[in-house]
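*Asks:* Right, I'll just put the structure down here and ask away after.
The values are calculated or read from the model by the stated rules, or taken from the named source; none is laboratory data. A quick note: this is a predicted structure, and the numbers were derived from the prediction, not measured. Positions of Cβ are backbone-derived with ideal geometry, glycine not excepted, and every protein chain shown enters the neighbour counts.
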Amino acid sequence: MNDARDIAAASDSASSSSAQQPASPLLEMLPHILRTLQREPALAITLIYAFVAMAGIFYNFSFYRRFDIPVLTLSQIGDFLVAGIQQPMALVLVASTFPLCWVFDRINMRGRRRRAATRARLRALPSLTRMERARLGVLTWMEGYGRRWYSQLSYLMVVLAYSWTFVAIYADYRADLVKHGEAPVVRVWMNGATDPLAAAGEATWTYLGAIGQYVFVYDHEAARAAILPVNAIARIEPVAVAPSKSGVVVAPIP
């Protein structure tokens, strides 16, 4: 009988200690997210599309800023909606966000364990100073009423900071390629002109990209960009260039 009672007591102690163990914040939020998506299945597609579109808009801003082109001012609503779809890096960004959330969840769990240990230590003290009482109140709020809001805000800030850094680094990388001559070269004929639009010393331009109403090209020799209205362009002709010595093929910039 005593052995049975000891086993039961040990079992109750183990279950209570596991219940007090800080849970994964990500796993706590998943049931709420899944229930919301079950009620509104189209919400998942909308959120992913909005995330991809925002990544594309920030990429355009970061990339064209290197060439002093105010792309946000020149863009229309339709350009914003398709900005992310035109950039493959937006899909890479979405795919890499999920592992990032998992890594942050592991870090957050370690933080919860430390906060739980600190809270237990403060509660065990016979008397608390004003600073210790304030710290205990904050820790209690973070693990009580404010836990869900704190976790959601933390994940949101991590995703935004990661997205901002990822897109900014990629945009700077593509801009550096253009300025080093690793980009598509084109000739541009304007309406009513028999000769192609002249750049500094030659008739070729580096193609940067386009939006609904404008095409952006870059004069590598003069280190300046040109904004050409689509309605004023007769045609754009790609120019075959010799492959670089490194053998690296650079994908066209949309």
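*Asks:* I'd like the full set of residues that are touching an Asp or Glu at 6+ places or on another chain (Cβ under 7 Å) and assigned to a loop (DSSP other than H, G, I, E, B), limited to the stretch 183-202.
*Replies:* Ala199, Ala200, Gly201
*Asks:* Regarding the stretch 112-126, can at least one residue be identified that is more than 30 Å from Ile227 (Cα to Cα), under 24 Å from the mean Cα position of the chain (by Cα) and not hydroxyl-bearing (Ser, Thr, Tyr)?
*Replies:* For the stretch 112-126, residues more than 30 Å from Ile227 (Cα to Cα), under 24 Å from the mean Cα position of the chain (by Cα) and not hydroxyl-bearing (Ser, Thr, Tyr): absent.
*Asks:* When the residues of the stretch 175-218 are filtered to those that are modelled with pLDDT under 90 and of a type in the set (Asp, Glu), which remaining residue is surrounded by the fewest Cβ atoms within 10 Å (Cβ to Cβ)?
*Replies:* Out of the qualifying residues, it is Asp195.
*Asks:* Of the conditions (1) surrounded by 15 or more Cβ atoms within 10 Å (Cβ to Cβ); (2) under 30 Å from Leu100 (Cα atoms); (3) modelled with pLDDT of 90 or more, Val159 satisfies every one except a single condition; which number is it?
*Replies:* Single failed check for Val159: (3).
*Asks:* Within the stretch 219-237, how many residues turn out to be under 32 Å from the mean Cα position of the chain (by Cα) and either modelled with pLDDT under 85 or closer than 23 Å to Ala171 by Cα (or both)? Please lay out each step first, then the result.
*Replies:* We begin by selecting, within the stretch 219-237, every residue under 32 Å from the mean Cα position of the chain (by Cα); these are 219-220, 223-230.
Those left that are additionally either modelled with pLDDT under 85 or closer than 23 Å to Ala171 by Cα (or both): 219-220, 223-228.
Selection size over the stretch 219-237: 8.
*Asks:* Separate question: Find the residue count for the stretch 34-74, including only residues that are in a loop (DSSP other than H, G, I, E, B) and surrounded by fewer than 20 Cβ atoms within 10 Å (Cβ to Cβ).
*Replies:* 5
*Asks:* Here's a follow-up. Please go through the stretch 75-95 and pick out each residue that is part of a helix (DSSP H, G or I) and over 18 Å from Gln213 (Cα atoms).
*Replies:* Within the stretch 75-95, Pro88, Met89, Ala90, Leu91, Val92, Leu93, Val94, Ala95 meet the criteria.
*Asks:* Show the residue pairs meeting these rules: Cβ distance below 7 Å; 6+ apart or different chains; first residue within the stretch 129-142 and farther than 14 Å from Ala116 by Cα; second residue in a helix (DSSP H, G or I).
*Replies:* Glu132/Leu122
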